[in-house]
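Structure, as structure tokens:
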Amino acid sequence: MDGAAVSVRRDLRDIITELAEVADADRLLEVLSRARRYFGGGENPPSAQEIAEFNKFHYTPLLRTLLANMGPQWCDLLTAERLDLWDNYFLEGPADQAFLVLLDSLVSKPCLRLDRCVHVLEKFLQRGALARIIWEVCRQQLEAKPTPILHETLLTRICNFPDHTANCLQKQNKSLFYPKNYYPLVGKAILHVLHMVSASLREGKGCSISFISQLLGKILKTLLEVWSSDGVVRHSAHPLLHHISRSIFICLSLLSKEEVHTCKQEVLLALTSGTPLYLESSLPSVRFLGMVVAERLSKYIDAGGSSLSFEYEETGEIKELKSLISPYVIEAMSPVKGLDPSQSSQCSAEPYEEGEQKEPKPDPCSDSDLDSDDDLTPYDMSGDTELKKSKVPAYIRDAIEALMSEDLEKLEVTMSSMSGLIRSNPSATKEVSTELVKILLHLDERPGVENFIALRYSAMVSVTVIDPVPVSQYLTGEFYSLNYSLRQRMDILDVLATAAQELAESANPEKAETPETAASPDLQSTSSARGDGKDEASPVDWRKIVEERIASKTRRFAKGQTSTTVAAAPNRFHAVAGHFFFPLVQHYDRPVVTFDLLGDDRLVLGRLVHTLGILMHLALHATIASQMGKALLEFIWVLRFHTDPFVRQGLLFGVSTILLSVPWQCLMADVCEEVLEMKCWLSDVAESDADEDCRRLAVSGLLLMEKLQSNLPPSPNQ
């Protein structure tokens, strides 16, 4: 230990001891002034090594000592000027340490010490100390041994400051600590630090801004929570909701796609929980705000895929809101010899819409007129293709190794050929089918791989079709497992439905018509589930299926042959239908740590109900269809009064598929009472359900039951 460290430690030990025992005002002032020398200045300033030693190891203990002794006795000894001296210990030292010490002191009960801490904390914020905290962390992150735990603590305390002070101070909370006053201070601090970062870079000094990015990301997670809050949507005025929406758009414009991807789960949670609240509002302006924000959030969640789309009036407010998402691009010009530096101001920053191709503007600072290539004929490169260094894998095991590679080009080549490779090597695929689908299910989206979502989805469907039994057993088992995201669970349902459709199509050369959602890798059911009813295409598809199947089961007496007989072919799905269906219909009422179908995760429940209906529909004429119908009927009966219209639509669709797939004689023989009760429920839904599509589906079910009953052959006794 060097001499400077020993000297500072000895001096601070004496100061802390005297502060705990002092009982005289003059002596207290002398001791406080003695410790002030470590803040610089004075007659006997310490060396740079001593100041660094004090700031690093002794500043926080000194502050804790000052707080521990601040009570009635010290308040009697210190005048107003001397109290300012006490305050300055917290205002002039390392801001990050002072901030944490002050916040830790707020947990105490109401007392003089707490009042003094609140007073100092107000002065701390008013003097712009937040900028000092952020700047100190930005500099510390470039050190050889940064302190990530301290930085994470500061990040949490800065973001949760209003909640922390409200819990500790309650009715004695200060207006400056309210979110509406505090977060503007955070924004000003971030802007001030960015100016300091810019100046530091111009001077050739390094600086890290990762802490600023983390701070912005964490605050907007908070903003998304406010936007999707039930109380905020129901009880807030339109100007406040508009302000929240503008803030979200501004934040999205500042964050990159990779940074948004890190908080993808929070965005998805806000989207699924907040969008219905806005769509259910009786005010058109509030509904429009929710639609615009939901469209943008869904685009960031699934970049490159299908996103939510609503119909609304393009008012001036909506246009202004959309314009905020356009980031500004600074078009920098290369220096030209002999150019006046003042002309650089001609370079402007102009907004652009995402995905828009801007026409390049003529550069007033260039010599384009002197060496123009306008007279040269452009070479036709329309047929050129980009050369890839990585080769397409020829074996399944090589492809599995490439899927776990960090090489984006290698991954992109593998993903683009994965589905074809699986289908062309069925025997090799069956050897590793479960391992392969596991890797694909857990494979995170790579922004650099084009059409990643669609390619992964296609590969999962292919491996399920090639080896349906073990793969379906794995997927259905994982659906109710822990630590899966909602998107992964809905991916499982989509893959199972589409694979079942492909397996069933082998029985008919013409493509079977099934709900569009079964073949959609991007969950089009999400938009239909959360829309205002105008964009819900899924119920229309179900009605087409129901009508066609009703027509096929209606007996008509006509002369001659009315249709061409299709040659019978084996239905591959019939043999494996039970593996797809029964594991999904079980355990739905078993909540797990990260998943609750009967609670907040009603979106996944609705998708599960629709998937079960699709599987029931595809099991027509299967031996196991009667058992599937009974299980699905019990499942529907338990959930028939669910509050979510999307779930009820799926239940009604399931009723129709049961009636169409299970012979009416079997239903009346095995579950006659349940069918009669189901008929009463359909009548109630058709008359009183609040959702129009639910009423229509219930009417279709009732008509189907009547047609099936009327088409029965007469009894021998009649």
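The values are calculated or read from the model by the stated rules, or taken from the named source; none is laboratory data. Since the structure is predicted, the reported quantities are computational estimates derived from the model, not experimental observations. Glycine gets a Cβ as well: all are built from the backbone with ideal geometry, and neighbour counts include every protein chain shown. The protein model used for the area step is the full one, side chains on, heavy atoms only, and it has no ligands, DNA or RNA in it. Shrake-Rupley method; radii C 1.70, N 1.55, O 1.52, S 1.80 Å.
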**Study point:** region 604-621, subset surrounded by fewer than 24 Cβ atoms within 10 Å (Cβ to Cβ) and over 27 Å from the mean Cα position of the chain (by Cα), residue nearest to Leu496 (Cα to Cα)
**Key:** Leu620
Exercise for review: Report, by residue number, each residue of region 56-82 that is of a type in the set (S, T, N, Q) and surrounded by 16 or more Cβ atoms within 10 Å (Cβ to Cβ).
Suggested key: Thr60, Thr65, Asn69
Practice item. Please specify each residue of region 1-35 satisfying the condition of being open to solvent by less than 60 Å² (accessible area, probe 1.4 Å), part of a helix (DSSP H, G or I) and more than 19 Å from Glu53 (Cα to Cα). Key: Glu18, Leu19, Ala25, Leu28, Leu29, Val31
Review point. Taking Pro46 and the conditions (1) modelled with pLDDT of 85 or more; (2) not in a helix (DSSP H, G or I), which numbered condition does it fall short on, given that it satisfies the others?
Key: (1)
**Study point:** Residues satisfying the stated conditions in region 693-718, i.e. part of a helix (DSSP H, G or I), open to solvent by 30 Å² or more (accessible area, probe 1.4 Å) and modelled with pLDDT under 90
**Key:** Glu706, Lys707, Gln709, Ser710
Exercise for review: State whether the residues of region 266-273 include one that is modelled with pLDDT under 80 and in contact with an Asp or Glu (Cβ under 9 Å, 6 or more places away or on another chain).
Suggested key: yes
**Study point:** Of all residues making up region 408-446, the number that are open to solvent by 30 Å² or more (accessible area, probe 1.4 Å), outside any helix (DSSP H, G or I) and of a type outside the set (S, T, N, Q)
**Key:** 3
**Study point:** Residue satisfying all of: in region 623-677; part of a helix (DSSP H, G or I) and of a type in the set (D, E, K, R); least open to solvent (accessible area, probe 1.4 Å) among these
**Key:** Arg648
Review point. Residue check: is Ala52 among the small types (Gly, Ala, Ser), in a helix (DSSP H, G or I), in contact (Cβ under 8 Å) with a residue 40 or more places away in the chain and surrounded by fewer than 15 Cβ atoms within 10 Å (Cβ to Cβ)?
Key: no
Practice item. Return a yes/no flag: does region 162-177 have any residue that is farther than 22 Å from Val193 by Cα, more than 25 Å from the chain's Cα centre (by Cα) and in a loop (DSSP other than H, G, I, E, B). Key: yes
Study note, to complete from the structure: Taking first residues from region 169-197 that are more than 20 Å from Ile248 (Cβ to Cβ) and touching a residue at least 24 places away in the same chain (Cβ under 8 Å) and second residues anywhere that are open to solvent by less than 70 Å² (accessible area, probe 1.4 Å) and acidic (Asp, Glu), the pairs with Cβ under 8 Å that are 6 or more apart or on different chains are Lys174/Glu122; Leu176/Glu122
